[in-house]
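The values are calculated or read from the model by the stated rules, or taken from the named source; none is laboratory data. Because the structure is a prediction, the values reported are computed rather than measured. All Cβ positions, glycine included, derive from the backbone under ideal geometry; neighbour counts span all protein chains shown. Surface accessibility is based on the protein's heavy atoms, side chains included, excluding ligands, DNA and RNA. Shrake-Rupley method; radii C 1.70, N 1.55, O 1.52, S 1.80 Å.
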Amino acid sequence: MRPYNFSAGPSTMPEPVLRRIRDEFLDWQGTGCSILEASHRSPRVVALVKELEARVRSLLGVPDTHAVLFCQGGARLQFAMVPMNLLGAGTVASYIVTGTWSKSAETEAMRFARIQSAFSGNGTRTPSDEEIDVTAESSYLYYCDNETVHGVEFAGIPDSGAAGVPLVADMSSNFMSRPVDVSKFGLLYAAAQKNFGPAGLTVVVVRRDLLGLASPEVPTLLNYAVYEKTGNMPNTPAVFQLYCSNLMAAWIESEGGLAEMDARARERSRIVYEALDAHPEVYSQRVDRASRSRMNVVFHLVEDALTPIFLKEAHDVGLLNLAGHRTVGGLRASLYNAMPVSGALALAEFLHARARNQRLEQGDLPPNIAELFDQFVERKD
Ligand code: PMP
């Protein structure tokens, strides 16, 4: 039986996807070659990239006004690519800071732009629309939809009232976990390694009229327009990552799409937050209820010194990687798309038992019985 992996990213992947990768690893689509050996210019790989784009478009409901781009360099490269591409003739960019990742993005953007602080938080909540302050001269308004380190998530799309200022979102840790009205965004992006496959791929969805604003000094591979023009082949792309994310997208489709991913995310996080709330004398939480993340449940032991023991006991019963981010300490349970609801139930049982000082054995928790759909998507070979 597989353990439950609560890692914040790279993170757990659906078992059927992992099995499929294993099964066709030596012979992809009857070619006799592994996907690792396939040329990015071969018709099959070109078709694979088109298929992934079509799936992203259909799952997210991306309108024709927006392009879907596949970049490398993780989410952090976007911290620089966003200002390099979207400032245009402007010099000011507005940032909403709600935690580590929006703060890092703001700091990186200082290399390129004058920053206007639209909201500056302390990692415990998202702002109300009224608190967001954006100057009209700003080239874009940036925010992070889900702060992975602090466990702070926007309940909906913020509306600053600055109608002409394009909205930009880092959705790295809640991408493909709920339906999104893409038409409201100038640009949204996500590194894949939480909800959408292994590390090495960043999906960027950008309004086409914002392409081509980059100045001539911007290096070729940092210019979004080049990805669009070349059909996402400006150089050798990360073929294996594209292949894995395509399987991930197919799995999300086969499970019922983003509304179903959202229902599961709400259910998983409700189960874990309820267990924590039941024992305030043992577990403390800093995030306002309305800003609690469905993806990353961040908490501390009231007796912080017991954290290493908590982690060891959890590990012994098959609950892995529950340590908080090194900058904030404490504990964090990441509950991404591939985490079965039984994982949240197992963690809740562990939280209750620990609060009662009761020792559990591995067999006491609900097993990881992620259903196996070996044929979850029809094979081409
Ligand atoms: N943004 C968010 C929301 C993240 O969670 C992370 C990584 N955990 C990053 C940015 C940085 O991602 P990467 O390591 O892919 O650059």
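With viscosity set to 1.306 mPa s at 10 °C, what whole-number translational diffusion coefficient in µm²/s follows for the stretch 129-254 from Stokes-Einstein and a Kirkwood radius over Cα pairs? Using the Kirkwood radius from Cα pairs, D works out to 98 µm²/s. Within the stretch 169-326, the percentage of alpha carbon pairs spaced more than 20 angstrom apart rounds to 64%. For the options N85, N146, N296, a Gaussian network treatment of the chain with springs between C-alpha atoms closer than 10 Å singles out N85 as fluctuating the most.
Over all distinct alpha-carbon pairs, what is the Kirkwood Rh of the stretch 258-342 in angstrom?
With all distinct Cα pairs of the stretch 258-342 included, I get 13.5 Å.
D by Stokes-Einstein for the stretch 79-141, Kirkwood Rh over Cα pairs, 20 °C, 1.002 mPa s: 182 µm²/s.
Of the solvent-accessible surface of the stretch 5-148, computed with a 1.4 Å probe and all protein chains present, 52% belongs to carbon and sulfur. The value of relative contact order for the stretch 195-275, using C-alpha pairs under 8 Å at least six residues apart, is 34 percent. Counting only residues at least eight positions apart within a chain, or on another chain, the aspartates and glutamates with an alpha carbon under 14 Å from that of K229 are D209.
Computed over the chain, the P(r) curve from all C-alpha pair distances, binned at 20 Å from the origin, holds 28, 55, 16, 0 percent per bin. Phi angles of the stretch 239-253 translate, via the Karplus equation with coefficients 6.51, -1.76, 1.60 and θ = phi - 60°, into HN-Hα couplings of 4, 5, 5, 4, 4, 5, 5, 5, 5, 4, 4, 5, 5, 4, 4 Hz per residue; Gly and Pro are given as x.
The residues W251, W101, sorted by heavy-atom accessible surface at 1.4 Å with ligands and nucleic acids left out, run W101, W251 from largest to smallest.
Considering only alpha-carbon pairs that sit under 8 angstrom and 6 or more positions apart, the relative contact order computed for the chain is 23 percent.
Scalar couplings 3J(HN,Hα) for the stretch 113-124, obtained by applying the Karplus form with A = 6.51, B = -1.76, C = 1.60 to θ = phi - 60°, are 9, 7, 9, 9, 7, 7, 6, 10, x, 10, x, 10 Hz; x denotes Gly and Pro. Give the long-range amide H neighbours of R114: residues separated by 5 or more places, or on another chain, with amide H under 5 Å away, using H modelled in the peptide plane at 1.01 Å from N. The list, which skips near neighbours in sequence, is V92, A93.
Averaged per residue, the stretch 244-363 has 42 square angstrom of accessible surface, using a 1.4 angstrom probe with ligands and nucleic acids left out.
How large is the dipole of the chain about the Cα centre if only Lys and Arg carry +1 and Asp and Glu carry -1, each at its Cβ, rounded to the nearest 20 debye?
The calculation lands at about 520 debye.
Sparse packing (at most 13 other Cβ atoms within 10 Å of the Cβ) combined with a DSSP loop state is found for the following GluC sites (Glu not before Pro) in the stretch 278-324: E281, E303.
I'd like to compare 175-184, 321-330: which one has the highest average count of other Cβ atoms within 10 Å, and what's the full order after that?
Ranked from most to least packed, the peptides come out as 175-184, 321-330.
Annotation: aspartates and glutamates with alpha-carbon distance below 15 angstrom to K312 (same-chain offsets under eight excluded): D304, E361. In order along the stretch 287-292, phi translates into HN-Hα couplings of 7, 4, 3, 5, 10, 4 Hz, rounded to whole numbers, per the Karplus curve 6.51 cos²θ - 1.76 cosθ + 1.60 with θ = phi - 60° and x for Gly and Pro.
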